[in-house]
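First the structure, in the form of structure tokens, and then the observations on it.
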């Protein structure tokens, strides 16, 4: 029975393809686990699955009978595999570099055992190979759902996905966790999502997909933030790309759009979050910024601090420098910019990484990081490594 758990003898890979076994791709990580990580508690706070592969299952959780009927007909007749209701960013088509980095896109990895969902088996293969104790799962195409022109579609699909994930995936493995999708374009529906799903097995928080045009400080969201704070559940902002954005469309290469777009969305949300005093209004709400890397943080801290010292009257709710609030928030490490080691060390110091940074792999995406990315940093103490690799997440998510 191939449940994804247990030893698998790594085989030499001439190339990685859509058929490659996760355990073979991560063979080096498995060897590192045996030599370094056996006594470490490791949490991966950002790992992905491709929900589009399971879209025929997910649409069955749509609660509106009319939308459900349309979705079934679309899935039956389209043959495109795009997934009813999904609006996928143009940049997604460029990530595999013309098929040279294909493992993440249309994974055809063999899973013979049918006693568990395919996504559970694949997730197990990854977390076992990398020596990870808990994995937090996020969707992939749905990261762009915040740009859907129909708000009601974001609500319907987001709710269907959350139900499917809770009942079909999280219920099958105690080591799989999730920050559930919030249909953020509808504040009332987002609040209801928290009330309906908080307390479900494996749910450790809720997530806003950052690629959207909504002001996070709008008063309509205050009941949502208050509910999360009262329940002790973290709020995550997960970045993604948006090549269709007016500014990003000036960039003619995927590499440029990917480098800037993943950061810009969270820069905007962070700026609004801090300058409008949300850390003062909700001091016990833990906020996590996911998959924007780290290099943007020193820039934004310094930029906002400098402006604030000259125009503090525009931010009447703030009692400290903007950077002081940012140092109390939480961040995923991925993708970590490592080309200037001294700058990276300074970044870790500026964000209080020892207590505020959390390891993330972003597996199976093309720029994923194994735990070695943190473990091998020469400027970290042993305790800092342990905190970032797992103990910070254990505290934040109450694992």
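The values are calculated or read from the model by the stated rules, or taken from the named source; none is laboratory data. This one's a predicted model, so the numbers in the text were calculated from it and none came from an experiment. Heads up, the Cβs are rebuilt from the backbone with ideal geometry, glycines too, and the neighbour counts pull from every protein chain shown.
Values as computed for the structure displayed
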read-out	value
The range 135-160 - residue that is in contact with a strand residue (DSSP E or B) (Cβ under 6 Å, 6 or more places away or on another chain) and surrounded by 23 or more Cβ atoms within 10 Å (Cβ to Cβ) and, of those, nearest to residue 69 (Cα to Cα)	158
Check on residue 370, surrounded by 14 or more Cβ atoms within 10 Å (Cβ to Cβ) and in a loop (DSSP other than H, G, I, E, B)	yes
Test set (1) in contact with a helix residue (DSSP H, G or I) (Cβ under 6 Å, 6 or more places away or on another chain); (2) not in a helix (DSSP H, G or I) - residue 385 fails condition number	(2)
Single residue of 230, 226, 198, 239 found to be touching a strand residue (DSSP E or B) at 6+ places or on another chain (Cβ under 9 Å) and surrounded by fewer than 19 Cβ atoms within 10 Å (Cβ to Cβ)	198
Criterion: touching a residue at least 40 places away in the same chain (Cβ under 8 Å), surrounded by fewer than 17 Cβ atoms within 10 Å (Cβ to Cβ), within 29 Å of residue 227 (Cβ to Cβ) and within 22 Å of the chain's Cα centre (by Cα) - qualifying residue of 337, 328	328
Counted residues, the range 272-297 - those being free of Cβ contacts under 8 Å to residues at least 60 places away in the same chain, surrounded by 18 or more Cβ atoms within 10 Å (Cβ to Cβ) and not in a loop (DSSP other than H, G, I, E, B)	8
Complete set of residues in the range 178-201 that are over 26 Å from residue 268 (Cβ atoms), in contact (Cβ under 8 Å) with a residue 24 or more places away in the chain and part of a loop (DSSP other than H, G, I, E, B)	198, 200, 201
Lone qualifier among 204, 169 - being in a helix (DSSP H, G or I), within 24 Å of residue 122 (Cβ to Cβ) and modelled with pLDDT of 95 or more	169
Sole exception among (1) at pLDDT 95 or above; (2) at negative phi for residue 241, by number	(1)
For residue 320: the one exception among (1) under 15 Å from residue 273 (Cβ atoms); (2) part of a helix (DSSP H, G or I)	(2)
Per-region count, the range 299-318, residues surrounded by fewer than 18 Cβ atoms within 10 Å (Cβ to Cβ) and either modelled with pLDDT under 95 or under 24 Å from the mean Cα position of the chain (by Cα) (or both)	1
